[in-house]
1. Show that you can apply the helix-only estimate: for the chain, add -39,500 (n - 2.57) for every DSSP H stretch of four or more residues, divide by all residues, and state [θ] at 222 nm to the nearest 500.
2. Could you tell me, in Å, what Rg and Dmax come out for the Cα atoms of region 245-289?
3. Between Leu557 and Arg638, 0.36 nm times their residue separation minus their Cα-Cα distance comes to what?
4. Could you tell me the calculated FRET efficiency between Asp135 and Asp545, based on Cβ-Cβ distance and R0 = 60 angstrom, to the nearest 0.05?
5. Using 0.36 nm per residue of separation minus the Cα-Cα distance, give me the extension gain between Thr441 and Glu334 in nm, one decimal.
6. HN-Hα J couplings of region 225-235 from phi, Karplus 6.51/-1.76/1.60, θ = phi - 60°, integer Hz, Gly and Pro as x?
7. Which percent of Cα-Cα pairs in region 534-598 sits in each 5 Å bin, short to long?
8. For region 528-604 and region 180-201, what is the separation of their C-alpha centers, rounded to whole Å?
Amino acid sequence: MNYGYIKVASAIPSVKVGDCHYNLQEIEQTIIRAEGQHVEVIVFPELSITGYTCQDLFRQQLLLDASEQAIVMLLDFTRQLDIISIVGVPVQVGSILLNCAAVIQKGELMAIIPKTYLPNYNEFYEKRWFASSQDLHATEIIYAGSRVTVSPQPTIFHTYTGATFGVELCEDVWAPEPPSTKLTLAGADIVFNLSASDELIGKHTYLCQLLSQQSARTMSGYVYSSSGFGESTQDVVYGGNALIYENGQCIAESERFSFQPQMVVSQIDYEKLRAERRNNTTFVNAQRTGYKEEEIRHINCHSIALDSDFRLMREVSPTPFIPHSDDMKSSCEEIFNIQVAGLAKRLTHTGCDKVVIGISGGLDSTLALLVCIRTFDKLNLSRKGILGVTMPGFGTTDRTYTNAINLMKSLGVTIREISIRKACVQHFEDIGHDIAIHDVTYENGQARERTQILMDLSNQIGGLVIGTGDLSELALGWATYNGDHMSMYGVNVSIPKTLIRYLVQYVAESPSKVGVMSGELDEMARTTLLDVINTPISPELIPADSEGNISQKTEDLVGPYVLHDFFLYYFLRCGFKPAKIFMLAKQAFTAPNAEYHFEEETIEKWLQTFLRRFFSQQFKRSCLPDGPKVGSVSLSPRGDWRMASDASSALWLKACSVN
């Protein structure tokens with residue numbers, strides 16, 4: 001099983017300009033290395049058989065014959081190899097010479113792909129020697145002892161393991177309408193580019209942006225190989241760039257200006273790319289303007305011996321929801337700004353200058369309060385219009401109660417304390433429930449009592465009830481229906497628990513004049529925020545233990561949120577099968593040096609719990625209050641997720657038996 005990954009390589013071999021025999025030997029050595037690593041497709045630089053900077057030597061028949069003979073030898077060399085090799089070579093077709101990519105597997109010349117756009121400006125003058133594919137009519141030729149059709153027709157290659165790819169050459173990707181755009185619209189998961197791009201100040205940065213954007217725009221893998229040290233001559237210097245992108249993200253790159261041959265290897269998740277495309281209706285609609293099916297040439301690659309011992313080469317983040325950018329401050333600011341803008345619009349639209357929010361001393365209500373603070377500051381409203389309500393119950397501990405009070409005091413909001421104990425005792429008497437039985441009725445009765453208090457207070461002061469529940473709780477259904485499940489606007493509704501912890505920590509560890517707050521964050525607020533982060537997550541609906549500590553810990557009951565957030569991301573964002581999610585989780589969590597460590601049995605147990613709860617709790621998500629979408633995943637029935645409330649989880653649970 002390859003889990004939807006294909007292993008690819010971008011190579012920069014040593015090269016001697018005009019020495020086809022030497023270049024062939026270097027290419028063969030690299031192919032053997034790649035084959036030994038079970039690489040399925042490897043790409044070499046443009047005109048890698050001859051060297052790119054041959055210039056007028058391309059007019060020498062001897063060089064053209066030598067390059068063709070090198071392809072003959074390469075065909076023989078690869079006869080027993082599974083790997084698909086893409087090398088650059090000049091090819092004569094009638095009266096024209098083409099700059100081409102030769103695609104080779106198991107001794108067969110599968111196709112010759114000619115370059116479309118020829119640079120003829122500044123230091124480039126390719127039109128002096130080569131013609132474009134646009135000057136070509138489909139022509140059958142005998143090349144390197146093989147009968148092959150050279151055509152401008154777009155070509156899609158289908159690998160034995162199920163991936164598809166196309167090929168373009170260097171300048172093609174710099175064009176306003178690159179061939180790779182239509183190749184991907186025609187179904188190519190990956191594009192391989194053979195290039196010979198020289199180095200100039202600032203050019204490398206632009207190149208990386210270009211490849212990243214093209215990969216992102218086409219939702220594809222992009223494997224780029226450009227000439228290295230041996231090509232440098234006269235006025236041009238080649239630094240060597242082997243780059244591999246996946247949907248805009250660079251996943252592997254070579255060392256620039258190395259004097260040694262290089263090969264970078266990575267795995268592209270074409271299953272994920274296809275999921276992204278299916279979910280993006282713009283991409284699907286754009287396919288209408290692409291090639292007609294009869295215009296596309298399809299080539300099936302040869303069967304290969306599959307690697308039975310699949311090993312994922314890429315690192316997998318245990319916290320996929322947390323932004324991993326160079327400037328984490330700007331990422332946190334952006335998240336807060338989205339939350340604040342959403343709440344501010346709701347307040348201005350309704351004409352409200354007051355909100356009601358339940359403050360428990362836990363993570364979720366803390367973040368929601370911070371959002372309210374900044375929103376009111378930005379709207380020039382008094383913080384006294386924020387009514388923070390702490391509602392001690394049977395399970396409230398001194399720690400969370402103190403944190404709730406201290407936080408509200410330090411932030412300058414209006415404070416109300418309303419105990420729910422008497423009301424709940426009366427309610428249990430009314431419905432005939434034994435208060436000594438700490439079951440779901442006992443727990444949910446408290447949650448609904450708190451919600452009723454908040455709703456009634458909002459009527460009393462003319463304000464909005466701000467929901468505090470988060471994305472992780474929605475995924476698991478860890479909310480009391482028509483209790484904390486309900487509000488008038490939920491600011492945390494699309495933020496997972498792992499990210500909430502991170503955002504609160506960001507505020508706590510920022511300088512006193514922090515971006516997410518206008519004004520001083522005093523030491524009591526900072527200390528309180530840090531203690532909230534370290535407090536066990538709990539609804540506190542069951543009485544504390546004999547020492548007054550929290551006895552009802554959410555993660556003991558439903559599982560670690562770091563695991564559930566991981567499952568949620570790959571289940572919802574990518575639509576992966578349970579087996580693939582489990583494989584990725586093992587990569588992220590089972591290594592001895594993993595940031596969060598779990599055994600395989602633990603991961604499988606909580607994956608089953610996640611799937612079971614996700615399906616059974618959809619009815620709670622079908623009637624969510626409004627809230628701002630912040631990241632790429634949301635469970636709002638008006639946004640990303642629409643699901644039958646009564647869908648069966650049997651298929652997923654059966655597939656979850658991954659062992």
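1. Details: 20 runs with 240 residues, N = 659.
That comes out to -11500 deg cm²/dmol.
2. 15.7, 46
3. On the way: separation 81, 0.36 × 81 = 29.16 nm, distance 2.99 nm.
My answer for the length gained is 26.2 nm.
4. On the way: r = 82 Å, r/R0 = 1.37.
Working from the Cβ atoms, E equals 0.15.
5. Values: separation 107, 0.36 × 107 = 38.52 nm, distance 4.01 nm.
Going from the current span to full extension adds 34.5 nm.
6. Ordered by residue, 3J(HN,Hα) equals 10, 10, 4, x, 3, x, 7, 4, 6, 6, 9 Hz.
7. Going from the shortest bin to the longest, the percentages are 4, 15, 19, 18, 15, 12, 10, 6, 2, 0.
8. 41
The values are calculated or read from the model by the stated rules, or taken from the named source; none is laboratory data. All values derive from a computational prediction rather than experimental measurement. Methodologically, a virtual Cβ is constructed for each residue, glycine included, from the backbone with ideal geometry; neighbour enumeration extends over all protein chains shown. Accessible surface areas use protein heavy atoms only, side chains included; no ligands, DNA or RNA. Shrake-Rupley method; radii C 1.70, N 1.55, O 1.52, S 1.80 Å.
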